[in-house]
Amino acid sequence: MGMPQRGYWCECWTEDVTEKEPPELRASFDAYSAPQADRWVAVALRTISSALDPEASQEAWAWLYEGRIQTRRALLRTEPCTVSVTHASTRVTWTIRPVLFLQLARRQAMELPACAYDFKPHSRGD
């Protein structure tokens with residue numbers, strides 16, 4: 001097995017700020033560099049910015065022009081980062097956390113690892 005690889009675990013959460021419900025995970029992404037991680041957030045913000053109210057759109061573009069640089073620097077220092085915008089009663093939050101990705105199994109072409117053959121399926125009657 002290979003060595004753990006440094007990277008960033010990215011998530012997008014939404015929550016209704018007027019309700020007492022917990023936030024909901026909407027998307028996640030594994031990035032292998034700081035630029036790849038902040039680019040994931042940047043693409044999402046650019047994509048939704050035209051649908052946001054003026055204040056939320058301004059927040060989005062402020063991060064894209066100024067906050068993104070600070071985010072990238074923090075990621076390079078292996079610090080977690082959060083980016084949020086609030087549109088009407090919905091807050092969208094992107095989180096980026098430095099992680100170590102563990103290689104769990106490796107396939108050679110179409111061949112399964114040897115341990116895959118150690119497990120036998122059971123019928124419902126077993």
Problem - P(r), alpha carbons of the range 48-106 - 10 Å bins starting at zero, rounded % - result: 20, 41, 24, 11, 3
Exercise for the section: Within the range 1-68, report the GluC sites (Glu not before Pro) that DSSP leaves as loop and that have at most 15 other Cβ atoms within 10 Å. Expected result: Glu19
Practice task
Return, ordered by residue number, the residues of the range 48-73 whose backbone nitrogen is under 13 Å from a label point located 7 Å along Cα→Cβ of Ala88.
Solution key: 51-54
Completion exercise
Per the Cα gyration tensor, the range 1-110 corresponds to an equivalent ellipsoid with semi-axes, largest first in Å, of 29, 17, 12
Problem - Accessible heavy-atom area order of Asp38, Asp53, highest first, probe of 1.4 Å - result: Asp53, Asp38
Practice task
Taking amide H positions as placed in the peptide plane 1.01 Å from N, state which residues far from Ser33 in sequence (5 or more) or on other chains have amide H under 5 Å from it.
Solution key: Tyr8
Exercise for the section: Determine the order of Leu25, Leu76, Leu45 by accessible area, beginning with the largest, at a probe radius of 1.4 Å. Expected result: Leu76, Leu25, Leu45
Handout entry: Solvent-accessible area of Tyr8 with every protein chain in place, 1.4 Å probe, in Å² to the nearest 10
Key = 20 Å²
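The values are calculated or read from the model by the stated rules, or taken from the named source; none is laboratory data. Note that the structure is a prediction, hence the values are computed from the model and not measured. When we count neighbours, we look across all protein chains shown, and the Cβ atoms used for this are built from the backbone with ideal geometry, even at glycine. Heads up: the accessible areas ignore ligands, DNA and RNA and are worked out on the full protein's heavy atoms, side chains in. Shrake-Rupley method; radii C 1.70, N 1.55, O 1.52, S 1.80 Å.
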